[in-house]
Each structure stands twice: as structure tokens, then as C-alpha cells.
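Each remark here refers to the structure printed beneath this line.
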Amino acid sequence: MINKQIIWGIFFVLIFASCNNDEKVVFINADESGTNPNVPTQTLKEKAKFKIGAAVKMKDLQDVNYKNAVIKHYSQITGEFEMKMANIWTSSTAYNYTAADYLVNFAKDNSLEVHGHTLVWYRSFPDWFVNAKYDSIAFESKVKVFITDVVGRYKGRVKSWDVVNEVFADGGALREESIIKPIFKDPIGFYGRCFQYAKAADPDAKLFYNDYNVVLDAGKRSAIKKMVTRFKAKGYPIDGVGDQFHYANDTNKQTMQTGFTDMASTGLLIHISELDIKVNTAKSDSYVFTDAEAQKQSETYKYITSMYEALPQNQKFAITTWGVTDKFTWLTEAWHPKEYPLLLDSEFNKKPAYQGFLSGLK
Ligand code: G3I
């Protein structure tokens, strides 16, 4: 009550003052917390006209500060690994849905959408499945059952899926190390049918192809566009394409823009699906995340969200950051321990990157 009286008091003083001289009185709208009115208090999900997603892990959601940050800032979640084939398809006779169910229920309880990641990925076929050395007929019939069972289980609750992830190597050739290549004479046809299986299991789910470096690698992007053209011609139901956007402060922004425009020329939904911006680009053990570095990262995030906002509204789907806080980013193991790629710091405070991301949104 006291706070409101003080605010009303200031209000009347300002009004009274404004009646008594020519000077223009600027009435500062202090937000409820009384913090600096010049720092936007909108959250990402409050401002965005599309979903703002984050990759989350079940074990990290046990941290109440992490859970609260997800609920406060994000409108969609992606399981960082819990909804992948290897984590669900634990044997030829059993699925383990525990972690996937946890994420889907958490999302429902907190009015968040779920993006399913990912049904078919060369790095996530379970060992028992690989060791079975199925021929193409058996391989496909079992993958069809898996997709039907998993997408069917979450029908209406998982609104979109990365059906297929990372099938092209750098430059656009089909990935050599994939289990698929030696089994199928026409791997792209197999991938297209996987989209059909997912569609049959949940006709309302949006179905994506997801890959990395799409906007930077013209050869890979060309291969993706050719696959999309073939899918459309064959009636394989693809709705969108995701570029993971694992980029950096020094990623060439013109190259990014050119590739992004080309990707958007597919006319499909565009998902920035795993966004994080590396700062310690030299992997230096003596790296310091200075204010200047933080500001550069903020400008990179603003560039990316501004670029995404320039899409036609009907091609906007979501921007997903690959993680919530620098504390749990995959990059400290995969890149360097001194890496700070996300929007919230290790104490869940907004970094300049958060403001940059926000300011790029319309
Ligand atoms: O948390 C469990 C732990 O309880 C268990 O004892 C241990 C051993 O099984 O596994 C731990 O889970 C690990 C998980 O990361 C959490 O740390 C998984 O083994 C490990 O495979 C998993 O790695 C994930 C990786 O994909 C493979 O699924 C990373 O978190 C995740 O960031 C990474 O994400 C990929 C995208 O899916 C596709 N694009 C590239 C991106 C980065 O590689």
C-alpha cells in the first residue's frame, strides 16, 4: 500500500509542477519494482509474436531457479536429449518414456509448448538397433513403428517435431558416417517416408528438417533445398526447416543474412532451433568475458532476432536457444570451459545478450 501511495504522490507532484511552469515535465514510468525505467522489463515471450524456446534437461529443471527462469522467459521447450531415439528406444521390446513424459507434463503444467527433438538422427540410433544390422526393409519397418508409437503418444501435446536431423555433411553430400547410407539406395526417400509416418501419427503436428550451418554452408543449403523440392513433389509432408544457429560473435553477418534469405526462399516455416553465440572463439584459457565482449554478443543476438523478424509472418515459427543459462551450456564441454553463449548468466540474471535479443524483436 505504501508503495502505491508514494507513486501516486510522485504523480500528483509532477502534475502539480507541470501546471506551474512552461517546462515540459517528463513523467518517468517507474516499473513496479522501481528499477531503472530505461531497461526494458518485458520478457522475451511477452514481446515475441512467435514462440521463444529453450533446450532444457529434466535434471536441470530440478533446480528451482532454473525452472522459474524457463517459465518466466520462454513459451516453448525442447528436450536437450530426453526425446531422442536412443533415450526412449531402450531395447527392441521396450520404450522408456520417463524423461520425455516429465518434460511434456512440465510443459503442460506451465502452459509451454513442446518441440520434439528428434526422431531420426544418425547420432541417436541406440546401440542394440545398430548392432542388429537390419536390412533396409526391417530397418524401415521398425523405425516406422517407433515414429508411430512416439508421435502417437504425444499427439496434441507435442506441437512440432524435428523428424530428421543432420543428414548432410559439410558441403551437402549425404553424411558418410550415417548408419542409413549403406542400407538405403535412396536415403532421401527413406527420410521422406519418415515424415509421412509422423504425419499419419499426428496430422496436426508441424514437421521439420533440422541441421547446422544451413545459412553459412551454401552446398549444404542447396542439398536441403533440393530435398525440400523433392519432398513437395512427392507429397512428403514437410512444414519447416531449422538451422541450429550454433554461431559466434565473429560469424560473418552478411553471409548469415544471405544464407538466411536463401533458406527462407523455401517458403517453409523457419526455425532458429539451437541458438547460442560463442564468445571465446579462440578457445583461450585466459579468456575474460568483458563488458565489451558482452556488448558484442548482445549486438550479434540483436542482428539475428532482427533478421528473423524480417521474415513474412507466416514463415515465423520459433527461435530456440540451446539452453537457458551459461551455467548448463553444452559448450563448456563441447567447446571450452570458459564459454558464455546464452542469454542468462550462471546466476540466471539477464545478460546484455538478453537485451540485444529483446531489442531485435518487433
Ligand atoms: O544426464 C545423463 C546422466 O544421468 C547419465 O548418467 C549420462 C550417461 O548416460 O548421460 C547423461 O546425459 C547426457 C546428456 O547430454 C546430458 O548431459 C547424454 O549422455 C549425452 O548424450 C547428452 O548429449 C547431448 C547430445 O546432443 C547428444 O544427445 C547434449 O546434451 C546436447 O546438447 C546435444 O545437442 C545436439 C542436438 O541434439 C543436435 N544438434 C547438435 C547439438 C549439440 O551436439
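Run the numbers on the stretch 44-360 and let me know its relative contact order in percent, using alpha-carbon pairs under 8 Å that are six or more apart.
Once divided by the residue count of the stretch 44-360, the mean separation gives 16 percent.
Amide H to amide H under 5 Å from Tyr247: which residues, 5+ apart in sequence or cross-chain, H placed 1.01 Å off N in plane?
HN-HN under 5 Å from Tyr247: Asp276, Lys278.
Based solely on its DSSP helices, what 222 nm [θ] is calculated for the chain when runs of n ≥ 4 H residues each add -39,500 (n - 2.57) and the sum is averaged over all residues, nearest 500 deg cm²/dmol?
-12500 deg cm²/dmol
Using a 10 Å cut-off around each Cβ, can you sort Val228, Val288, Val163 from fewest to most neighbouring Cβ atoms?
Val288, Val228, Val163
Can you order the peptides 308-317, 131-140 by their average number of other Cβ atoms within 10 Å per residue, highest first?
308-317, 131-140
Is the shape of the stretch 198-322 rounded, prolate or oblate, going by the alpha carbon gyration tensor and its root eigenvalues a ≥ b ≥ c, with a/c under 1.5 for rounded and a/b larger than b/c for prolate?
Prolate.
So for the chain, Kirkwood radius off the Cα pairs, Stokes-Einstein at 20 °C and 1.002 mPa s: how many µm² s⁻¹?
97
If each residue's Cβ is checked for other Cβ atoms within 10 Å, how do His115, His336 rank with the fewest at the top?
Ordered by Cβ neighbours within 10 Å, fewest first: His336, His115.
Could you please state, rounded to a whole Å, how far the C-alpha centre of the stretch 298-330 is from the C-alpha centre of the stretch 184-202?
29
Using the Karplus equation 6.51 cos²θ - 1.76 cosθ + 1.60 (θ = phi - 60°), what ³J(HN,Hα) coupling, rounded to whole Hz, does each residue of the stretch 325-336 give in order, writing x for Gly and Pro?
Karplus values, whole Hz, x for Gly and Pro: 9, 4, 4, 10, 5, 5, 6, 5, 8, 7, 10, 6.
Fewest Cβ neighbours within 10 Å first, please rank Val215, Val150 accordingly.
With the sparsest Cβ surroundings first, the list reads Val150, Val215.
Read-outs throughout are calculated quantities, based only on the coordinates presented, and are distinct from any laboratory measurement. A quick note: this is a predicted structure, and the numbers were derived from the prediction, not measured. Reconstructed Cβ throughout: ideal geometry from the backbone, glycine too, with neighbour counts over all protein chains shown.
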